[in-house]
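The values are calculated or read from the model by the stated rules, or taken from the named source; none is laboratory data. Computed from a predicted model, the values in this text were never measured in an experiment. Cβ coordinates were reconstructed from backbone atoms using ideal geometry, including for glycine residues, and neighbour counts include every protein chain displayed.
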Amino acid sequence: MKGKNYWKYIIIGLILFVVLFHVGAIFYLMTQQTYEITSVDYYDKGQAYEQEIQAMNRGYLFQWDIKFSNEGQVTVTITSNEDLDFAQDLQQLSMSCMRPNDSRLDKDLLLPRVEGTNTFSVIHGLKSGRWDLRVSFIGNEGAVLYKKQVAL
């Protein structure tokens, strides 16, 4: 008595099972994930982004010199072209210091103006490492923003 050879049916069945399993898994994953191109408050975010771009463009009109001393002092000197109206009544700058790898070290500083100059200075207390700086002030033309990465 000869037995029938069922191996070819088992192999074809396994291949069909694997193919159907993968197609089903792909379909399931495609229907479970949502990719939102826009958010609910896309207009407000777009307006805030546009204002930041305009503030950065105004910041490019100035020459910025940011120095960190060994004594823990940060000094920001701003110079402008003669045709720009630099805010003479500006008394302080705002500086956000963000640490990319440890947000617990982030710090916001207010730099008071050194009397009679376009220099602003304060003790910073920042640890050594890489920092993302955002220096800003409100000038006569609106908000001014300058971004820089530094390594202390």
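Quick notes
- Qualifying residue in region 76-95 (condition: in contact with a His (Cβ under 9 Å, 6 or more places away or on another chain) and either surrounded by 10 or more Cβ atoms within 10 Å (Cβ to Cβ) or at pLDDT below 85 (or both)): yes
- Counting only strands (runs of 3 or more DSSP E) that sit wholly inside region 77-152, those with at least 2 residues that are over 21 Å from the mean Cα position of the chain (by Cα) and more than 14 Å from F62 (Cα to Cα) are 107-112, 119-123.
- Output for region 49-76, where each listed residue is touching a residue at least 40 places away in the same chain (Cβ under 8 Å) and part of a strand (DSSP E or B): F62, W64, I66, F68, Q73, V74, T75, V76
- Qualifying residue in region 2-18 (condition: at pLDDT 85 or above, touching a His at 6+ places or on another chain (Cβ under 9 Å) and surrounded by 11 or more Cβ atoms within 10 Å (Cβ to Cβ)): no
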